[in-house]
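What follows is a set of notes on a single structure, which appears directly below.
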Amino acid sequence: MDIPDSSGANVIAAPPSEPVIKSRPLPLVLCLLFLVSGFSGLVYEVVWLRMLSRTLGSTVYAASTILAVFMAGLALGSFIFGRFADRVRRPMLLYACLEAGIGATALLSLGMNSWPLPVYRAIYAMAGGSRAALTVGQVVLVAAALLVPTSLMGATLPTLCAYGVRRLGAMGRVAGTLYALNTLGALIGVLVGGFVLIGAIGETRTVLIGVATNWLVAIAVLALLPTGAAVLAPRSEPDAALSVADIDRPRSRRVRHTVLVCFGLSGFVSLAMEIVWSRMLMLYDGPSIYTFSAMLAFMLLGIGLGGWMGTRVERWKDPLLALARLEMGVAIALAFGLEVFKYMDNGSVILPPLIMVGPAAFLLGVAFPVAVRCYTDHAYSIGRRVGELYAWNTIGCILGALTGGFVLEPLVGAAKTGVIMVAIAAIASIALLAVHPQGLRRARLVDVAALIAIIVAIATIGDPYRDVIFARTETGGEIFAHVEEAAASATAAGIPDIPTSRQLLVNGYGMTALVTGNKLMADLPLWFADSPHDALVVCMGMGTTFRSAVRHSDIDVTVVELVPAVPRFMHFYHADADQIMAQPNAHVVIDDGRNYLLMHPRRFDMITIDPAPPICGAGTVNLYSKEFFELCAHRIHPGGVVCLWVPPAPMSDSKMILHTYATVFPYVSVWAGPTFPGFFLIGTLRPVNDIEARVRRGFADPKTVHDLVEWDRSCSTPDKVLSLRICSRDALLKFTQDRPVVTDDRPYTEFPLWRWEGSDPEYSHMLDAVGLYRWILQQRESNRSHRKPN
């Protein structure tokens, strides 16, 4: 029946017929199983994101679409299954079926390497360049691939909560324990999957481990069924109920609806801050996959430990006030992290994410069981209420990721986005205090002091992200421009009177320099090509290679760049940038280079690729894999050329890339960078026997010579260029024969963790042209000694 609370609102009381029993802990076996289930979920998320990004492209739009659909599936499953989980007689049987279904659909997901491509090509063609139409098509495609398994994942938490509370009582303890265990399992999934499995055994085997995990959990749960522990009496004949602490002080609808909205805002804040943290922490940990994995690991660790701590909510006399103060604590923790960001140790991998992510994540974890306690009215609504809370929180996460990444960061920047999230968390806290039965009068001096501290922090934080980037520019000059977009932040800096001092930083990481080698990346492959007319430049950088190619007026040049701000910055590096861009043979496309080649069947006479450094950067391996090189080989004419720049890198990783390239192209020559250490790999589908003659003919063009000597004399004559040649394919294969081929399934270079730790001696040595020259000379000397008579 409805009874009034102290504020006069009607609330729903717990059924009076339910007996009261002392709450008991969850069975240890069930806890371990749900921990393992969380592990498999994060493993799938990491692998599926990688698989689909290779089809949809590594753009921020595609990645956000994949993540949004993934989380939408979690919300949908939680909401739908939560509405009838309380009425299921055998919830453990349902849970076993869910785990088996997750494993089965995950096994089918291995087909995502093949079947989405032709479908997406059709969607891409129908979109006709419309971003809105393309996004709709991406949503449909990703939903077809992920909605079923993710919905099954989302259904597991309300199902187990319904079982745990009806059998064991103590809704806060049950919800908090299960939430913490699943989150800590996800933490293990991040650490093992993101740091070990994909790099060690590949994507396919990692998914198979996840499938085996789900099926083993299902089998273990089924093994428990004969004991009778999985059978619950009908709702009208309860055999267990909540403890007294669970059914006292039932909440009004107004309170519960406010809790629901505020918990959705918590999800909004957490995912928006995940976007902010990901970008800011790159300044300290670099753009590797480990930066994101470490941030996510600390976030999951904090949430998991917080959820565990929140299991004591039954002992708290005023959980609604506690929830309000937790939201205020989240605001303070976020503000503190932003305040101290610029003072962190640049050499530390652990300290920045620990300080920025850990405290806020811990408080968000505590908030979940407290919110469950405030939102749930009685025992037999636990599954439905947990499902609704989880769904609203997940929807908030989706909106937070989209709003933070696509609206706020481009509009106000990463740090200011964090400041806005601080304000939203504080507003949620005030809203919860406002609906408290005692109203804002329940607030104490500590609450007022916390609010004042937050207001002061919001007014004084400034823009620490920009400040750190500006402090790191190496030129000693000035900042020409700094732009933060959805794709990345971009910074142009340098000394105005010294053109070669200029810098381009993307997400605070230096991309390239004004060097003659970038000019040679256009000229050398064009000299190798037979009667070239069409050229493609993948990755624009400062625009040097694009500029040198466009100067050949008879060649149609297309450049594909992932970050929209980069082409706009070209005039900071080249005085004639506007004239180059205005040439009828110059075309700029904002897209992922690999995806552009996948979606366009057009062939070129020359493709030149300069992947963003470092080699281990997140996503960079997509331009170093065997599948990408094969795609390039299919996109050139029979007399065409593919040129790849390989920057200085650990010897083990450089040899993998060199070996992979040489296995795809039947004819390869290796050239040294003239002024910067690294390699040009020139690959063709037919032999080029007149290399010297082609280089000398290239120098017959006065425009080319003038371009090559703009900054130095390193390539002023044909002989200087020819002296850069190191070896051919046979010598290259011999040099790299001890290294594996990099593939999409085995992305070795993106996961160098164990080579960092000294298990691979070659990782500690950098390979550049000098090192390869030295090996070639050693081989020649060795061959001469073998030919000498005894």
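The values are calculated or read from the model by the stated rules, or taken from the named source; none is laboratory data. Source: prediction; values computed, not measured. Cβ atoms come from the backbone with ideal geometry, glycine included; neighbour counts cover every protein chain shown. These accessible areas exclude ligands, DNA and RNA; they are computed on the full protein's heavy atoms, side chains included. Shrake-Rupley method; radii C 1.70, N 1.55, O 1.52, S 1.80 Å.
In sequence order, what are the phi-derived ³J(HN,Hα) couplings for the stretch 488-495 according to the Karplus relation 6.51 cos²θ - 1.76 cosθ + 1.60 with θ = phi - 60°, rounded to whole Hz, with x for glycine and proline?
Computed from phi, the couplings for the stretch 488-495 are 4, 9, 9, 9, 10, 8, x, 9 Hz.
Would you work out if the stretch 551-683 is rounded, prolate or oblate? Take a ≥ b ≥ c from the square roots of the eigenvalues of the alpha-carbon gyration tensor; rounded if a/c is under 1.5, else prolate when a/b is larger than b/c, oblate otherwise. Could the numbers behind the result be given before it?
On the way: a/c = 1.63, a/b = 1.34, b/c = 1.22.
Here the stretch 551-683 falls in the prolate category.
Per DSSP helix of 4 or more residues, -39500 (n - 2.57); summed, then divided by the residues of the chain. What does that give at 222 nm, rounded to the nearest 500?
Mean residue ellipticity at 222 nm (helix-derived): -18500 deg cm²/dmol.
Let's see if you can work this out: charge +1 on each Lys and Arg Cβ, -1 on each Asp and Glu Cβ, no other charges. What is the dipole magnitude of the chain about its Cα centre, in debye to the nearest 20? Walk me through the numbers before you get to the answer.
Numbers: 64 positive and 61 negative charges, 353 e Å.
Rounded to the nearest 20 debye, it is 1700 debye.
Suppose R0 equals 41 Å; then what is the FRET efficiency for ASP497 and VAL448 from their Cβ-Cβ distance, rounded to the nearest 0.05? Display every interim value, and only then the final one.
Working: r = 55 Å, r/R0 = 1.35.
Efficiency for this residue pair is about 0.15.
Would you calculate the separation in nanometres between label points at GLU485 and TRP754, each defined as 7 Å from the Cα along the Cα-to-beta-carbon direction?
3.9 nm
I'd like the Kirkwood hydrodynamic radius of the chain, using the inverse of the mean 1/r over distinct C-alpha pairs, in Å. Could you put the intermediate results ahead of the total?
Values: mean 1/r = 0.0350 Å⁻¹.
This gives a value of 28.6 Å.
Give me the net charge of PHE628's neighbourhood, meaning all other residues with Cβ under 12 Å from the Cβ of PHE628; Lys, Arg count +1, Asp, Glu -1.
On the way: positive: ARG54, ARG594, LYS626, ARG635; negative: ASP592, GLU627, GLU630, ASP744.
Spelling it out: positives minus negatives among the neighbours equals 0.
Among GLY508, PHE34, GLY286, whose Cα projects farthest towards the positive end of the dipole of the chain, with charges put on the beta-carbon of Lys, Arg (+1) and Asp, Glu (-1)?
Checked the options; the winner is PHE34.
Which whole-number percentage describes the relative contact order of the chain, with Cα contacts under 8 Å and a sequence gap of 6 or more?
Working: 1546 pairs, mean separation 106.9, N = 790.
That works out to 14 percent.
Taking 0.36 nm per residue of separation and subtracting the Cα-Cα distance, what length does fully extending ASP578 through ILE80 add?
Values: separation 498, 0.36 × 498 = 179.28 nm, distance 5.59 nm.
Separation in residues times 0.36 nm, less the Cα-Cα distance, equals 173.7 nm.
Calculate the dipole size of the stretch 577-665 relative to its Cα centre from +1 charges on Lys and Arg beta carbons and -1 charges on Asp and Glu beta carbons; express the result in debye to the nearest 20.
Charge dipole, the stretch 577-665, about its Cα centre: 240 debye, nearest 20.
How far apart, in nanometres, would the label points at LYS720 and MET126 be if each is projected 7 angstrom from Cα along the Cα-to-Cβ direction?
Here the modelled spin labels are 5.6 nm apart.
For the stretch 72-130, what does the accessible surface come to per residue with a 1.4 Å probe? Please give it in Å².
Working: 2640 Å² over 59 residues.
On a per-residue basis, 45 Å².
With only Lys, Arg, Asp and Glu charged, each at its Cβ (+1 for the first two, -1 for the last two), find how big the charge dipole of the stretch 362-449 is about the Cα centre; round to the nearest 20 debye.
On the way: 7 positive and 4 negative charges, 54 e Å.
Approximately 260 debye in magnitude.
May I ask which residue of ILE691, LEU389, LEU408 lies farthest towards the positive end of the charge dipole of the chain, with charges of +1 (Lys, Arg) and -1 (Asp, Glu) on Cβ and the Cα centre as origin?
LEU389
Select from GLY358, GLY673, GLY462 the residue farthest towards the positive end of the dipole of the chain; place +1 on Cβ of Lys and Arg, -1 on Cβ of Asp and Glu, and compute about the Cα centre.
The residue sitting farthest along the positive end of the dipole is GLY358.
Please report the relative contact order for the stretch 87-154, taking Cα pairs under 8 Å with a sequence separation of at least 6, and give it as a percent rounded to a whole number. The partial results should precede the final answer.
Values: 27 pairs, mean separation 32.7, N = 68.
Averaging sequence separation for qualifying contacts and normalising by length gives 48 percent for the stretch 87-154.
Using a cut-off of 10 Å between beta-carbons, work out the net charge of the residues near ALA529 (Lys and Arg +1, Asp and Glu -1, ALA529 not included). Walk me through the intermediate numbers first.
Values: positive: ARG694; negative: ASP530, ASP534, ASP605.
That works out to -2.
Just how many pairs of Lys in the chain have C-alpha atoms closer than 30 Å, counting pairs that are eight or more places apart or on different chains?
Close lysine pairs found across the chain: 14.
Using DSSP to define loop residues, name the trypsin sites (Lys or Arg not before Pro) in the stretch 652-752 whose beta-carbon has at most 16 other beta-carbon atoms within 10 Å.
Working: sites: LYS655, ARG694, ARG696, ARG697, LYS703, ARG713, LYS720, ARG725, ARG729, LYS734; in loops: ARG713.
For trypsin sites (Lys or Arg not before Pro) across the stretch 652-752 that sit outside H, G, I, E and B with at most 16 neighbouring Cβ atoms in 10 Å, the list reads ARG713.
Between ASP318 and LEU225, take the C-beta separation as r, use R0 = 45 Å, and let me know the FRET efficiency to the nearest 0.05.
Efficiency, rounded to the nearest 0.05: 0.65.
Ignoring ligands, DNA and RNA, what percent of the 1.4 Å accessible area of the stretch 572-641 is carbon and sulfur?
On the way: 1380 of 2470 Å².
That fraction is 56 percent.
Taking 0.36 nm per residue of sequence separation and subtracting the Cα-Cα distance, how much length would be gained by fully extending the chain between VAL140 and ALA700, in nm to one decimal?
Values: separation 560, 0.36 × 560 = 201.60 nm, distance 5.41 nm.
Computed gain between VAL140 and ALA700 is 196.2 nm.
Using the beta-carbon distance between LEU32 and SER531 and R0 = 60 Å, what value does 1/(1 + (r/R0)^6) give for FRET efficiency, to the nearest 0.05?
Details: r = 67 Å, r/R0 = 1.12.
It comes to 0.35.
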